[in-house]
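Structure first, commentary second.
The values are calculated or read from the model by the stated rules, or taken from the named source; none is laboratory data. Remember, it's a predicted structure, so these values are computed and weren't measured experimentally. FYI the Cβ positions are ideal-geometry reconstructions off the backbone, even for glycines, and counts take in every protein chain you see. Keep in mind that these areas ignore ligands, DNA and RNA; they rest on the heavy atoms of the full protein, side chains included. Shrake-Rupley method; radii C 1.70, N 1.55, O 1.52, S 1.80 Å.
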Amino acid sequence: MAGRSSIRVSLATVVFLAGVAFAASAGADSAAPPILPRQFAGWQMQGAAQASREAAAADPTNAPLLKEYGFTDFEAANYKTDDGRTLKIRAARFADASGAFGAFSFYLQPEMAREEIGDEGASLGRRVLFYRGHIVVEALFSQESVMSAAALRELAGMLPRPQGNASNLPPILAFMPRHGYEPHTEKYAEGPLALGAISSPLPADLIDFATSPEVVLGQYATPTGDATLMLIEYPTPALAASHLRAIDAVHHVAPPQAGVTAVESVGPFFAKRTGPIVAIASGPLSRSDAQTLLGAVNWDASVTWNENTYFDKKDNIANLLVNIIILCIIVGALSLAAGVAFGGARVLLRRFFPGPVFGRADQTEFISLHLEEDHAEGSPARPGGPAESSNLS
């Protein structure tokens, strides 16, 4: 008995250890790849990269905000070239491209110059900020160089990329007007912490992040002054309509015109709804300028009907034509082979079995009429008279 019990315990232990090893190997396989490469464009990493899954390691001051954007992990490394230049790189990875864009927009400053690095980049002196997919990178050079941007472009191409829908940017960004937009003022928020950090004209309780809205904000130049345009996209048009009514009720709205409302308790403040989007224009702008700015925001319903095109071997017209041609060739070849076989068989049968059954004589008899004129010498033939003789053979 004791022996059997020990055997059972040993088998259970083996099975447990095998399960633990399998889970560990599966976890290792599914682990995210390192963010920063060992070298790029002549820059060599010095030592090992400092990695952390704590948002405080990336930004101790704004760690909760990074978590709201979907922060996952962080790496920092020092690089050096053969000529002694140094480079410090800090890279934060997020769950998707929306979170990376939100963090990038949070750190972006209006005075920065635009750079063609990654999906979007900007620089200020020796500091360069860009994002690529779901990764935000901050680079600090020891000295500026004409090849700094080219080196970072190569680095951006080596960064790991998100998979599937995680690579998509927020769709609401496409509804921001381009006319009058002031560069590097676009901000994106997914929660109340980010909303409080981007100087929103509305508090978070009115926006109601429990319904999963997306918020984007930007600064625009108008003839009467700078204005703030904020777009709030809700999952459905019904939610957008109910939240616009709540905004109107809180601010005691009196509609000046159909479709556009002014919130007088906070100064010049105009709002409208288009589909699931609530657009709000605020700042020192006139009603006509507000209408022009809000009029550039229009949501169009797009209905997609997916049907099976049946573009397969059976229903492809090209394959049908090819099969018809092949069929014609096959039928022609069979006809030619049948004709040759039939003719050859007759020749062989006539050769080996001559006679009336499989063959016939070389000269086949047939009925013929031999009509001849027979008259006396010097006697003319009688016109119209019958023939004097006939021979039927």
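Between Thr224 and Asp119, what is the FRET efficiency for a Förster distance of 35 Å, r being their Cβ-Cβ separation, to the nearest 0.05?
Details: r = 34 Å, r/R0 = 0.97.
Once the sixth-power term is evaluated, E becomes 0.55.
Using a 1.4 Å probe on the protein chains only, how many percent of the accessible area of segment 184-233 belongs to carbon and sulfur? Don't skip to the end; give the middle numbers.
Working: 890 of 1730 Å².
For segment 184-233, the apolar C and S fraction of the accessible surface comes to 52 percent.
So if R0 is 30 Å, what FRET efficiency would Glu144 and Leu169 give, r being the distance between their Cβ atoms, rounded to the nearest 0.05?
Working: r = 30 Å, r/R0 = 1.00.
About 0.50, to the nearest 0.05.
What accessible area per residue comes out for segment 66-118, rounded to a whole number of Å², with a 1.4 Å probe? Before the final figure, lay out each step's value.
Values: 2140 Å² over 53 residues.
On a per-residue basis, 40 Å².
Full-extension gain between His179 and Asp300, please, as 0.36 nm times their residue separation minus the C-alpha to C-alpha distance.
Details: separation 121, 0.36 × 121 = 43.56 nm, distance 1.92 nm.
Difference between extended and current length: 41.6 nm.
Ordered by packing density, taken as the mean number of other Cβ atoms within 10 Å over each peptide's residues, highest first, how do 320-332, 276-288, 60-72 rank? Write out the running numbers ahead of the final one.
On the way: 320-332: 10.4, 276-288: 20.2, 60-72: 18.2.
Peptide ranking by packing, descending: 276-288, 60-72, 320-332.
Of Ala76, Ala100, Gly121, whose Cα points farthest to the positive end of the dipole of segment 59-133 (charges on the beta-carbon: +1 Lys, Arg; -1 Asp, Glu; origin at the Cα centre)?
Ranked along the dipole, the leading option is Ala76.
Once a ≥ b ≥ c are taken as the square roots of the eigenvalues of the Cα gyration tensor of segment 18-175, is the result rounded (a/c under 1.5), prolate (a/b larger than b/c) or oblate (a/b not larger than b/c)?
Values: a/c = 1.81, a/b = 1.21, b/c = 1.50.
Note, shape of segment 18-175 comes out oblate.
Highest first, please rank the peptides 187-197, 158-168 by the mean number of other Cβ atoms sitting within 10 Å of their residues.
Values: 187-197: 20.1, 158-168: 13.5.
Per-residue Cβ counts within 10 Å, averaged per peptide and sorted highest first, yield 187-197, 158-168.
With the other protein chains left in place, how much accessible area per residue, in square angstrom, belongs to segment 136-257 at a 1.4 angstrom probe? Before the final figure, lay out the partial values.
Working: 5730 Å² over 122 residues.
Accessible area per residue: 47 Å².
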